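Here's the structure we're looking at; comments come further down.
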Amino acid sequence: MEARATAAAGDAAACTRAMAAAETEFVRSRPEEDPEWIGYFDACEFTDELAHCHRDLGRAAAARTHAEECLRLSTGDDYARSRSFSHMVRVAAVLAQNELDEAAALGTAVLPLVERTASARVRGYLDSLVRRFTAHSAHPAVREFLDRSVPVVGRLPIRRGQ
């Protein structure tokens, strides 16, 4: 959580130190000895936290790598809400890499996940993601994604220049 907080504050050096310390502790951890309340925190959750940190620091390639690793590790329906976050971090990373067609396709694939998840936080992530896309609304694939997101987000994002 320290890494997430320092990433959100834009402190790359502190975030990098916190991620390194967290990784050291995570590798040394013994899940069978952990308290029950942290039992959900597995390798998938750890890589998702790293993905969020890198996204917040503007490190798109690293964010994408970690989000994709989390999604690879995550199977089944147990963590559908968490996977929704990972999917959206991956979409944001692909968008930040200026891969507009791929980002729009991945974003469109996320919409049904958000619709099935009764979570205000998941919808907040989608809203934030949609806002990231609006800077590219002149691109046809992006415009299509934005139009498809309206029923899920509940409003049409404002287009630049309007």
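The values are calculated or read from the model by the stated rules, or taken from the named source; none is laboratory data. Please read all numbers here as calculations on a predicted model, not as lab measurements. Because the Cβ atoms are built from the backbone with ideal geometry, glycine has one as well, and the counts that use them run over all protein chains shown.
Brief remarks on what is shown
- Matching residues in segment 75-95 - criterion: being within 23 Å of Asp127 (Cβ to Cβ) and either more than 10 Å from the chain's Cα centre (by Cα) or aromatic (Phe, Trp, Tyr) (or both): Tyr79, Ala80, Arg81, Phe85, Val94, Leu95
- Per-region count, segment 110-137, residues under 14 Å from the mean Cα position of the chain (by Cα) and over 15 Å from Val153 (Cβ atoms): 0
- Complete set of residues in segment 99-120 that are at pLDDT below 95 and in contact with a Lys or Arg (Cβ under 8 Å, 6 or more places away or on another chain): Leu111, Leu113, Val114, Thr117, Ser119
- Applying a threshold of 6 Å to beta carbon distances and a minimum spacing of six or more residues, or different chains, the list of pairs starting in segment 21-48 at a residue that is free of Cβ contacts under 8 Å to residues at least 60 places away in the same chain and ending at one that is polar (S, T, N, Q) reads Cys44/Ser74; Asp48/Ser86.
- Residues of segment 52-80 classified as of a type in the set (Lys, Arg) and either farther than 25 Å from Thr134 by Cβ or without any contact (Cβ under 8 Å) to a residue 12 or more places away in the chain (or both), total: 2
- Within segment 21-30, the residues that satisfy the criterion of being in a helix (DSSP H, G or I) and either touching a Lys or Arg at 6+ places or on another chain (Cβ under 9 Å) or surrounded by 11 or more Cβ atoms within 10 Å (Cβ to Cβ) (or both) are Ala21, Ala22, Glu23, Phe26.
- Selected residue (only one of Ser119, Ser86 is surrounded by 19 or more Cβ atoms within 10 Å (Cβ to Cβ), in contact (Cβ under 8 Å) with a residue 12 or more places away in the chain and among the hydroxyl-bearing types (Ser, Thr, Tyr)): Ser86
- Residues that are over 21 Å from Arg81 (Cβ atoms), in contact with a helix residue (DSSP H, G or I) (Cβ under 8 Å, 6 or more places away or on another chain) and hydrophobic (A, V, I, L, M, F, W, C), drawn from segment 22-71: Ala22, Phe26, Leu57, Ala60, Ala61, Ala62
- The residues of segment 31-42 that are of a type in the set (Phe, Trp, Tyr) and exposed (fewer than 11 other Cβ atoms within 10 Å of the Cβ) amount to a single one, Trp37.
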